[in-house]
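One structure is given here, and the rest of the page talks about it.
The values are calculated or read from the model by the stated rules, or taken from the named source; none is laboratory data. Computed from a predicted structure; not experimentally measured. Every residue, glycine among them, receives a Cβ derived from its backbone with ideal geometry; neighbour counts consider all protein chains shown. For accessibility, only protein heavy atoms count, side chains too; no ligands or nucleic acids. Shrake-Rupley method; radii C 1.70, N 1.55, O 1.52, S 1.80 Å.
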Amino acid sequence: MRSLAVASPHPGAALDARRRCLNPSAAHRDSISQCCWRREKTQDHSFGSSLRVSRLPGTLHRDVSKSSLTPTAAVSVEQAEATADLPKGDMWSVHKFGGTCMGTSQRIQNVADIVLRDSSERKLVVVSAMSKVTDMMYNLVKKAQSRDDSYITALDEVFEKHMEAAKDLLAGEDLARFLSQLHADISNLKAMLRAIYIAGHATESFSDFVVGHGELWSAQMLSYAIKKSGTPCSWMDTREVLVVNPSGSNQVDPDYLESEKRLEQWFARRPAETIIATGFIASTPDNIPTTLKRDGSDFSAAIIGSLVKARQVTIWTDVDGVFSADPRKVSEAVILSTLSYQEAWEMSYFGANVLHPRTIIPVMKYNIPIVIRNIFNTSAPGTMICQQPANENGDLDACVKAFATIDKLALVNVEGTGMAGVPGTASAIFGAVKDVGANVIMISQASSEHSVCFAVPEKEVASVSAALHARFREALAAGRLSKVEVIHNCSILAAVGLRMASTPGVSATLFDALAKANINVRAISQGCSEYNITVVLKQEDCVRALRAAHSRFFLSKTTLAVGIVGPGLIGRTLLNQLKDQAAVLKENLNIDLRVMGVTGSRTMVLSDIGIDLTQWKEKLETEAEPADLDKFVHHLSENHFFPNRVLVDCTAETSVASHYYDWLKKGIHVITPNKKANSGPLDRYLKLRTLQRASYTHYFYEATVGAGLPIISTLRGLLETGDKILRIEGIFSGTLSYIFNNFEGARTFSDVVAEAKEAGYTEPDPRDDLSGTDVARKVIILARESGLRLELSDIPVRSLVPEALRSCASADEYMQKLPSFDQDWASERNDAEAAGEVLRYVGVVDVINKKGQVELRRYKRDHPFAQLSGSDNIIAFTTSRYKEQPLIVRGPGAGAEVTAGGVFSDILRLASYLGAPS
């Protein structure tokens, strides 16, 4: 088959041809070489013994045999039509295959197999161009109008791509026919691109004509592939059927009545049970080729589906369905089984990669479901988009279906008291925005128009700001308008779902999740349609906000990014506990704990996704870098994929505790057994607690008193329920509890201390325990929790270290000299035993008299404090409710296991506050 258009012999002729293309006369329409975009189409529609070629409506019709092309007189459409009527209804199934699905010859064959397996009575298949071809075609036009000679080479690449695919896919006469048509089309395109090259400009019509060839070629190849199986098949150039009217910038509106009429005429000429149609391309009412713009193939399928009133439109893509959030940002995003038309439209509008935003409009009229399916995983059921009943149950997780985001936005705020109550202010604002052609994504208005803010793309905000300053110059100068403010680097987060506004708690839950992730909301919008709640926030917070909201509505796990400071005895034990329980927490409580880093005083190891806790020791030895606490914290705080971050300080260092305030201010939760912050200077403690109470950032320190015992939580529970604390008295040191529980009979004090040291109950230097400072810190913590404003220096402490031994140079020297004081200790014990009493080292908080103290006391043998064993702690709360019989908390008060367990419990409590099941 020879080419039906030839290039003009010289530039002048080409330019003349281009001018006539833009305004074709009747004579020119019959001149194929002079009007490339009305080229004769030699399409094999019926695959029968003769080949009938149809032009765009209003152009010349020809009868074509296999070997020749014979002109005949013009024939009207009505004369050419047969009597076949277009059936409509459930017998039709519509499929759309995108560029990825049509990317290679093998994939085109896979598409053919899927179509052949469809048992529907009639099938209409809409296809995109092969993968990347649309971009290649746009690039051809761009190169030609830039007078870049490489457009010729680029066109050859397009030809080679389709020729190779056809050779792999087809054979014999089918291959010859396709390659003949491909050669003809490439020849026509060369002429067209040459004219564009000479003129240095391409009209939209020229560009659309060039770009639409990708769909023509892919549709023809698929038709031949289906024909190979013996199944009758026709292919449709949808420019002969779909009629659209330009309706604005980069947008068209279908003419459904005219399109339906032309589809019926097309079907009367070429009735078939299987039709392969081109996506993306269409014609104007004047029969000028155009497109449905970017991603328009989905739109094509929906329009055609509505024209035949199909049972279903299936959009085939490379994902298993529609996700509850962008899976690149939320790894736990789930596939949604169903979506309503409105929900899908909202998600498309807010940037979710669901469908072309206008795809849903044609099918809604006839309640035709759209199903999104994965061509690479045909076993997945996909997501069905259909008409759904309103949520009757009022469940939060049922009414919120998904979340979507839009980045690279700016927020424009127009504010002033002179705007209040003045009619037309909003109209003037958005009139100015319209004049510069900017796209308003979202609007939020305060009462009486005192403040109007709206979001626009970042690339358009400069022109918007200039237009508003020009429009309101006088109002700004007179002070009626206080400012036109631009807030850059914003993003939108939208929660999408049916009936959200009528379900109590949706907005509260969303904003609570954002607040707990320390995310500030700049603007809010919720329409009465109840399909979405939209918030504007900093772009740097967007991914973290998305994950926080997604987690909070139980669409995914509650994920905590954890940083461990101090992998010593307690830190090491905690890491082992986390390792052992991680799988259980995921399975039973939907809590995903990710240890993002571990740092000691000299080295640290960091991870972007979470350290494998079975290998953390090895990594700290082999992959460690020099310890840098600032870098460590930055690594945790700047990880936007995890909305909730917590630093666990397992040290006893004042230098680490001094950072808590800054960490909390950054939105990082803090959990610690380190007593230094809460027992340090009173002003720092008060500042820390004030910040904690004023924010959604949590600071937990249960293990600072009593290791794993619920001392702090018990005290808070009493106070929060209105009880009045009178006195707190207890044995707070597991080390000293062990020593005095075993200091009885004929045993010497030095022997018992040596035994405790050997068993690991004491610090390396026992004087750190025997000095009483640790107990004093616990007393001051409880005193402050009870409302007393005391400094550590206000607590009188009886040290158990003889004054003569306090200056010993080492622990060994101290232990060597300690036996010389055994007689003094024996005498004190004997006096107590003679009175039927025992010695106990206790801390006391006297709330009535606003004081505390640490001392060695004697208790009767029937007193609860005398009943201890081992290293147990015991605390007695005397309150207004528990005055006659104090409330007792007793249990192990020392050891790495119980202390780490107390820290672990705080981590789980934090997860519960952040949305995990309690």
Within the stretch 887-902: backbone nitrogen closer than 15 Å to the Asp723 label point (7 Å, Cα to C-beta): 887-890
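Using the heavy atoms of the protein chains and a 1.4 angstrom probe, tell me the accessible area per residue for the chain in square angstrom. Don't skip to the answer; put the middle values down first.
Details: 37980 Å² over 918 residues.
Result: 41 Å² per residue.
How much length would be gained if the chain were fully extended between Asp156 and Asp253, taking 0.36 nm per residue of separation minus their Cα-Cα distance, in nm to one decimal? Kindly include the intermediate steps, with their values, before the conclusion.
Values: separation 97, 0.36 × 97 = 34.92 nm, distance 3.44 nm.
Value of the extension gain: 31.5 nm.
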- request: Quickly work out the Glu791-to-Lys851 label distance, labels modelled 7 Å from Cα along the C-beta direction, and quote it in nm with one decimal.
  value: 1.7 nm
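If I compute solvent accessible area with a 1.4 Å probe over the protein chains, what percent of it on the stretch 712-827 is carbon and sulfur? If you can, show how the numbers build up before the last one.
On the way: 2300 of 5110 Å².
For the stretch 712-827, the apolar C and S fraction of the accessible surface comes to 45 percent.
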- request: Sort 401-407, 565-571 for me by packing, meaning the mean count of neighbouring Cβ atoms within 10 Å per residue, highest on top.
  value: 401-407, 565-571
task: Using only the Cα atoms, work out Rg/Rh for the stretch 465-599, with Rh taken as the Kirkwood radius, to two decimals.
output: 1.17
- request: Go through 304-312, 213-221 and give me the packing order, highest mean Cβ count within 10 Å leading.
  value: 213-221, 304-312
- line: Cβ-Cβ cut-off under 15 Å around Met163, Lys and Arg +1, Asp and Glu -1: the net charge is -4
Estimated inter-spin distance, Ala171 and Glu623, nm [label 7 Å along Cα→Cβ]: 5.2 nm
message: At 1.4 Å probe size, with the rest of the protein present, what percent of the exposed accessible area of the stretch 540-610 is carbon and sulfur atoms?
response: 48 percent
query: Once both labels are modelled 7 Å past Cα along the beta-carbon direction, what's the Tyr138-Gln816 spacing in nm?
result: 8.4 nm
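Stretched out fully, how many nm does the piece from Glu744 to Ala470 gain, at 0.36 nm a residue minus the Cα gap?
On the way: separation 274, 0.36 × 274 = 98.64 nm, distance 9.10 nm.
Taking Glu744 through Ala470 to full extension adds about 89.5 nm, to one decimal.
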message: Which residues among the stretch 839-875 fall inside the zone where the amide N is under 18 Å from a point 7 Å beyond the Cα of Glu758, along Cα→Cβ?
response: 870-871
message: Taking 0.36 nm per residue of sequence separation and subtracting the Cα-Cα distance, how much length would be gained by fully extending the chain between Glu803 and Gln387, in nm to one decimal?
response: 141.3 nm
statement: For percent of Cα pairs over 41 Å apart the list reads (1) 56; (2) 41; (3) 61; the calculated value is entry (1)
